[in-house]
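The structure under discussion appears below in the form of structure tokens.
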Amino acid sequence: GGALPIAYFAQSDPAWKDQPYGTDNIGDYGCGPTAMAMAAKSTVGADVTPASMAQWCSQYGYWAAGSGSYHTIVQGVASGFGMTCSSPKELSVDELRTRLSSGEIAVALMKAGHFTDSGHFILLRGTTLNGNILVADPNSRERSLQEWDPQLIVNELSNSRTAGAPLWFLSGQSG
């Protein structure tokens, strides 16, 4: 097992839940910038909050009015903040465990299930010794403290295959 220490942000935090994400607000529509703020702060030490990330994402065209974020948000933020980003060829439990236990984190786009009723970005932040997955869910501290069966995670990944979806592995760039 292994897990990267993650700077956890909740999109519902009173410090920014009512702040703008485009013409929407972070509390209702900001899982994308909140997840990416956690990723950027945790992998490359970026000085960001969900509010500053939402502003950056709006400015660079990743905000989708009334529906959150375009899937291009992950590759765009990774590029803009100096993270490496890659999507796996296959979505498998083995791939998840291998990449997460090697120190990478993953942004996962989830479909309706345990994490959302529609679509939702979460971080996969590591594995436990018994092979379960640790998450950082920007919309639930409670879910972020649980261990998750990796097959459930794979089964609930979005069916979308645009812009690298539904799974992107991130790490700080070497050098």
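Side notes on the structure shown:
- Filtered residues of segment 1-52 (kept if part of a helix (DSSP H, G or I) and among the aromatic types (Phe, Trp, Tyr)): Tyr29
- Extreme residue, surrounded by the fewest Cβ atoms within 10 Å (Cβ to Cβ), among residues of segment 34-57 that are touching a strand residue (DSSP E or B) at 6+ places or on another chain (Cβ under 6 Å) and closer than 16 Å to Ile105 by Cβ: Val44
- Scanning segment 5-33 for residues that are surrounded by fewer than 18 Cβ atoms within 10 Å (Cβ to Cβ) and of a type in the set (A, V, I, L, M) yields Ala7, Ala15.
- Residue that is at pLDDT below 95, outside any helix (DSSP H, G or I) and within 16 Å of the chain's Cα centre (by Cα), where the choices are Gly131, Gly103, Gly164: Gly103
- Residues within segment 59-73 that are part of a helix (DSSP H, G or I) and more than 17 Å from the chain's Cα centre (by Cα), tallied: 1
- Those residues of segment 62-102 which are out of contact with any Phe, Trp or Tyr (no Cβ under 7 Å at 6 or more places or on another chain) and within 23 Å of Asp18 (Cβ to Cβ), in sequence order: Ala65, Gly66, Ser67, Val77
- Taken over segment 134-153, the residue count meeting the criterion of being touching a helix residue (DSSP H, G or I) at 6+ places or on another chain (Cβ under 9 Å), open to solvent by 10 Å² or more (accessible area, probe 1.4 Å) and either part of a strand (DSSP E or B) or closer than 28 Å to Trp63 by Cβ (or both) is 2.
- Residue under evaluation Leu91, criteria (1) under 28 Å from Val48 (Cα atoms); (2) surrounded by fewer than 22 Cβ atoms within 10 Å (Cβ to Cβ); (3) out of contact with any Ser or Thr (no Cβ under 8 Å at 6 or more places or on another chain), criterion not met: (1)
- Hey, Asp117 without any contact (Cβ under 8 Å) to a residue 40 or more places away in the chain, among the acidic types (Asp, Glu) and open to solvent by 10 Å² or more (accessible area, probe 1.4 Å) or not: yes
- Residues located in segment 58-88, provided they are on the phi > 0 side of the Ramachandran plot and surrounded by 22 or more Cβ atoms within 10 Å (Cβ to Cβ): Gly68
- Ser92 vs. criteria in contact (Cβ under 8 Å) with a residue 60 or more places away in the chain, out of contact with any strand residue (DSSP E or B) (no Cβ under 9 Å at 6 or more places or on another chain) and closer than 16 Å to Pro166 by Cα: yes
The values are calculated or read from the model by the stated rules, or taken from the named source; none is laboratory data. Computed from a predicted model, the values in this text were never measured in an experiment. With ideal geometry, Cβ positions are generated from the backbone for all residues, glycine too; neighbour counts draw on all protein chains shown. Areas reflect the complete protein model, heavy atoms only, side chains present, ligands, DNA and RNA absent. Shrake-Rupley method; radii C 1.70, N 1.55, O 1.52, S 1.80 Å.
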